[in-house]
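A short reminder: the numbers here are calculations on the coordinates, not readings from a lab. What you see is a predicted model, and the numbers here were worked out from it, not measured in a lab. We place every Cβ from the backbone using ideal geometry, glycine too, and count neighbours over all the protein chains shown.
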Amino acid sequence: MESADLSLRVATPDDAAELLRVIGAAFSARRPVDPPADALADTVDDIARALSEGTGVLVEADGEIVAGLLIDIEGDTATLRRVSVVPEASGQGVAREMVTAALTVAADLGASRARLVAREEFPELIRWWGEHGFVVLGPAPKGLWLGRDLPVILDVPTAEAMQELGRRLAALLRPGDVIVATGDLGAGKTTLTQGIGEGLDVEGPVISPTFVISRVHPSRGEGPALVHVDAYRLGEASELADIDLDASLEQSVTLVEWGSGLAEWLAEDRLDIEIARGQSSDVRTVYLTGTGPRWAGALDELREQA
Ligand SMILES: Nc1ncnc2c1ncn2[C@@H]1O[C@H](COP(=O)(O)OP(=O)(O)OP(=O)(O)O)[C@@H](O)[C@H]1O
Ligand SMILES: [Mg+2]
């Protein structure tokens, strides 16, 4: 199965029977556990009710559902349940895409945190969730509660508003922070960085690092310097290593433009900022996702303004 064939969508109660089939296939392929997974006792009515009271995300390949999950929302917390990928579709990044979409759906519905129960019998699953930013919160009736903050999603109407977002973000930043900004050409990564530079009160101007890969902006005061990197022109992670970022990482705020899939090794604690542009207007949608203990709850101030 080619990953290009995959499409994701929000589930409706009409999908209950198909989703039940996927849940059954996924959970019965796991090693048996005692007590058995609740998922194996689900009925179509259970799933239809869950989808009408909450929501869900489905992945289709060639029109057939190959993965799905349920999302229950209570207050500011989204609980993911029945995270399922049929065995034939596993190991292709399907779960990753589905969970990423689910976090966005939950954030759009106003939740600020996601959680789920994982069985301790499946340490490999707990590790997988860990790689996707989930940390162990504590014991659950049949396993462990895992949780993470949801992305903060902001609509940014103008370039000035993007700089203002940068200034507000700067107030939350500390030495050692690593930010990875992604988005198409002209999305607004450098514009955001200009606002961060102003907020940090570093020497400017912050401009596209077109002819240099990285530029250090020293603080005008006591604060951290801003290291502005354009990873777009780097071929691979080894070239990024060559420019010796590590030396200044601890004392500086480091912002890497277009570093997705390239700069992740820089820090386990990382703020990912994805900027998406609409079809016609200047409005950008900005997704801020903090990963690791450093960022737990750190963006809540921005979230309140969303
Ligand atoms: N809502 C907005 N947010 C950010 N920039 C905007 C917005 N509306 C219009 N713009 C304009 O879009 C352009 C964004 O350019 P910028 O250099 O910041 O993008 P970039 O993502 O860094 O691009 P590159 O991939 O070339 O590095 C600027 O000219 C800016 O004025
Ligand atoms: Mg740029």
**Study point:** Vicinal HN-Hα couplings computed from phi for segment 276-291 (Karplus, 6.51 cos²θ - 1.76 cosθ + 1.60; Hz; Gly/Pro x)
**Key:** 10, 9, x, 5, 10, 6, 7, 4, 10, 9, 10, 10, 10, 10, x, 10
**Study point:** Share, in percent, of DSSP beta bridges within the chain that are antiparallel, nearest 5
**Key:** 75 percent
Revision key, fill the gap. Rounded to the nearest 10, the angle in degrees between the Cα long axis of helix 159-170 and the longest principal axis of the Cα atoms of the chain comes to 80 degrees
Review point. How do the peptides 276-284, 198-206, 173-181 rank, highest first, by the average count of neighbouring beta carbon atoms within 10 Å per residue?
Key: 173-181, 198-206, 276-284
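Rounded to the nearest 500, what is the 222 nm mean residue ellipticity of the chain from helices alone, with -39500 (n - 2.57) per DSSP H run of 4+ residues and division by all residues?
-8000 deg cm²/dmol
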Practice item. Report, to two decimal places, the Cα Rg of segment 3-149 normalised by 2.2 N^0.38 Å (N = number of residues). Key: 0.97
Revision key, fill the gap. By the C-alpha gyration tensor axes a ≥ b ≥ c (rounded if a/c is under 1.5, else prolate when a/b exceeds b/c, else oblate), the shape of the chain is prolate
Revision key, fill the gap. Of all GluC sites (Glu not before Pro) in segment 1-80, the ones in DSSP coil with at most 11 other Cβ atoms within 10 Å are E2
